[in-house]
Amino acid sequence: MAHDILIVDDEADIRVLIAGILEDEGHSTREAANADEALERIRARRPSLVIQDIWLQGSRLDGLGVLDEIKREHPDVPVVMISGHGTIETAVQAIKQGAYDFIEKPFKADRLLLVVDRAIESARLKRENRELRVRSGSTGDLVGVSPAIAQIRQTIERVAPTNSRVLITGPAGSGKEVAARMIHAHSRRAEGPFVVVNCAAMHPDRMEIELFGTEHGADGPSSPRKIGTFEQAHGGTLLLDEVADMPLETQGKIVRVLQDQTFERVGGGKRVEVDVRVIATTNRDLPSEMVAGHFREDLFYRLNVVPIRMPALRDGKEDIPLLARQFMQLAAQLAGVPPRPLGEDALAALQAYDWPGNVRQLRNAIDWLLIMAPGDWREPVRADMLPSEIGAITPTVLRWEKSSEIMTLPLREARELFEREYLLAQVNRFAGNISRTAAFVGMERSALHRKLKLLGINTDEKVR
């Protein structure tokens, strides 16, 4: 792939030499003879890479000064420093200030090309990692104020520094992987790898190959050795996602690995030692799976050292406003657009919905709103802008864009209609909890009970 590379050097022949080497490899180049020209070129079009001399004769800034400006304005642009009069101290200083590498003149073309390729690849990997963190929504913590989330955070704080295995259960989309990543991030293995094996998406015949790898010749006479996920996770954490989908035969081998921290690659006879912490997740009831003969009892007890149960979103509706605002920020950051504010009526409608897809479904809904909600980005998202599956159960008062209906009624009927719809929305918002509803609307609990009865609202069963 061709890249745009800026060459900064006060000697024209050096610029021509470097440009020729890079263009022979298919890259496009630009040149600058001093600091001001270099910064002007960068501001006009951000390059993929800057190759820059440290000593810029007659320039307002030397190379280290230009490096500081580049890193201040474009921290993701890699910079390779070159010099014919460099010292070890100068090279160390350049690296400390953010340069990717330092090359002494005269240099060989092969050395230059190798450093250029590695610098561009390193920048790409950093960028992809950052984007993946944004896409995953991982902020290093679980978002929420509900008692269940607070309890999970406390459990993670206690178990993360240990080496104990953790089994995380809960419905699909409830944030099990987020909790697993949080455990890893707060563990002594945080600098090590975090490897995920999706047991549900993997073909049973390939499961052991993916987990344990293969020796030379296992897939044919000339097949190379394959490193499995257990080895990839050495020194870090391995997440067995949806572990209940793992074949029984493989489950037995996992038991042995958990016990001995050793295994054999497929097609091999030599045992491989690893240091891996295992976390497992599932949305199934493993005790029932054991009774049915689908999950090994010995594996369950080895995985279930510290159990964590992730709640369904409908069981922690007080967390929805925090989650919705966070997802809006993440979606806007990923799309490169300003976030939309969420109106109180929209948040109330989101809290009134049951979310069968849990946190994952909420995030998808917020992504949809950022793209599809009508109006200017400064205008708050209203309840009537929500996706159809949510709007269909939203109480009428939350869908009123104008007061045309209520203005056609006499005052007494209008007040009763508004009070009924308003209180119905608040009761649904707080999942039928009268005490919390009363506190929010500013009424005594007994007074709210009387008012609900007067308005014909049955609190014994949830009214849609």
Point to revise | Selection from ALA179, ALA312, ASN163, by position along the positive dipole direction of the chain (Cβ) | key: ALA312
Point to revise | FRET efficiency estimate (nearest 0.05) - Cβ-Cβ, GLU344 to ARG309, R0 35 angstrom | key: 0.65
Review point. Mind checking the dipole of the chain: about its Cα centre, +1 per Lys or Arg Cβ, -1 per Asp or Glu Cβ, Debye to the nearest 20?
Key: 1880 debye
Review point. Fully extended, how many nm does the chain gain between GLU249 and GLU128 (0.36 nm per residue separation, minus their Cα-Cα distance)?
Key: 39.9 nm
Check your understanding: Using the heavy atoms of the protein chains alone and a 1.4 angstrom probe, what is the accessible area of the range 314-393 per residue in square angstrom?
Key -> 44 Å²
**Study point:** 5 Å binning of all Cα-Cα separations within the range 4-136, expressed as whole percents from 0 upward
**Key:** 2, 11, 22, 25, 21, 11, 5, 2, 1, 0
Review point. So if R0 is 45 Å, what FRET efficiency would ILE457 and ARG206 give, r being the distance between their Cβ atoms, rounded to the nearest 0.05?
Key: 0.20
Check your understanding: For the chain, which whole percent of the accessible surface, found with a 1.4 angstrom probe, sits on carbon and sulfur atoms?
Key -> 51 percent
Study note, to complete from the structure: With the 1.4 Å probe rolled over protein heavy atoms, the range 154-309 has an accessible area per residue in Å² of 47 Å²
**Study point:** Overall dimensions of the range 236-312 by Cα: Rg and Dmax, Å
**Key:** 13.3, 45
Point to revise | Förster radius 51 Å - calculated FRET efficiency between ALA447 and HIS294 (Cβ-Cβ, nearest 0.05) | key: 0.45
Exercise for review: Could you work out how far helix 12-24 tilts from the main Cα principal axis of the chain, as a 0 to 90 degree angle to the nearest 10?
Suggested key: 60 degrees
Exercise for review: Go through SER59, GLN251, ALA348 and say which Cα lies farthest out towards the positive end of the charge dipole of the chain; charges sit on Cβ, +1 for Lys and Arg, -1 for Asp and Glu.
Suggested key: ALA348
Study note, to complete from the structure: Projected onto the charge dipole of the chain (unit charges on the beta-carbon of Lys, Arg, Asp and Glu, signs +1, +1, -1, -1), the Cα from LEU323, GLY235, ALA99 with the largest positive-side position is that of LEU323
Practice item. Using the Cα centre as the reference, give the magnitude of the dipole from point charges on the C-beta atoms of the range 4-136 (Lys, Arg: +1; Asp, Glu: -1; all else neutral), rounded to the nearest 20 debye. Key: 740 debye
Point to revise | Antiparallel bridges, percent of DSSP beta bridges restricted to the chain (to nearest 5) | key: 10 percent
Check your understanding: So what J values fall out for the range 170-178 if you push phi through Karplus, 6.51 cos²θ - 1.76 cosθ + 1.60 with θ = phi - 60°, rounded to Hz, Gly and Pro as x?
Key -> x, x, 4, x, 8, x, 5, 5, 4
Study note, to complete from the structure: If each K or R counts +1 and each D or E counts -1, the residues other than ASP315 whose Cβ falls under 13 Å of its Cβ total 0
Check your understanding: Where nothing but the Cβ of Lys and Arg (+1) and of Asp and Glu (-1) is charged, how large is the charge dipole of the range 223-262 around its Cα centre, in debye to the nearest 20?
Key -> 240 debye
Exercise for review: Taking 7 Å along the Cα-to-C-beta vector as the label spot, tell me the GLU413-ASP117 distance in nanometres, rounded to one decimal.
Suggested key: 8.0 nm
Exercise for review: Kindly flag which residue pairs out of LYS71/LYS108; LYS126/LYS226; LYS226/LYS270; LYS176/LYS226 have an alpha-carbon separation exceeding 23 Å in this structure.
Suggested key: LYS71/LYS108; LYS126/LYS226; LYS176/LYS226
Revision key, fill the gap. With all protein chains present and a 1.4 Å probe, the order of ARG382, ARG45, ARG271 from largest accessible area down is ARG45, ARG271, ARG382
Check your understanding: Counting only residues 5 or more places away or on other chains, whose amide H sits under 5 Å from the amide H of VAL278 once H atoms are built in the peptide plane?
Key -> LEU238
Review point. By how many degrees, 0 to 90 and rounded to 10, does the Cα axis of helix 445-454 deviate from the longest principal axis of the chain?
Key: 60 degrees
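The values are calculated or read from the model by the stated rules, or taken from the named source; none is laboratory data. The shown structure was predicted, so the numbers you read here are calculated from the model rather than taken from an experiment. All Cβ positions, glycine included, derive from the backbone under ideal geometry; neighbour counts span all protein chains shown. Each accessible area value is taken on the protein alone, full model and side chains, heavy atoms only, with ligands, DNA and RNA left out. Shrake-Rupley method; radii C 1.70, N 1.55, O 1.52, S 1.80 Å.
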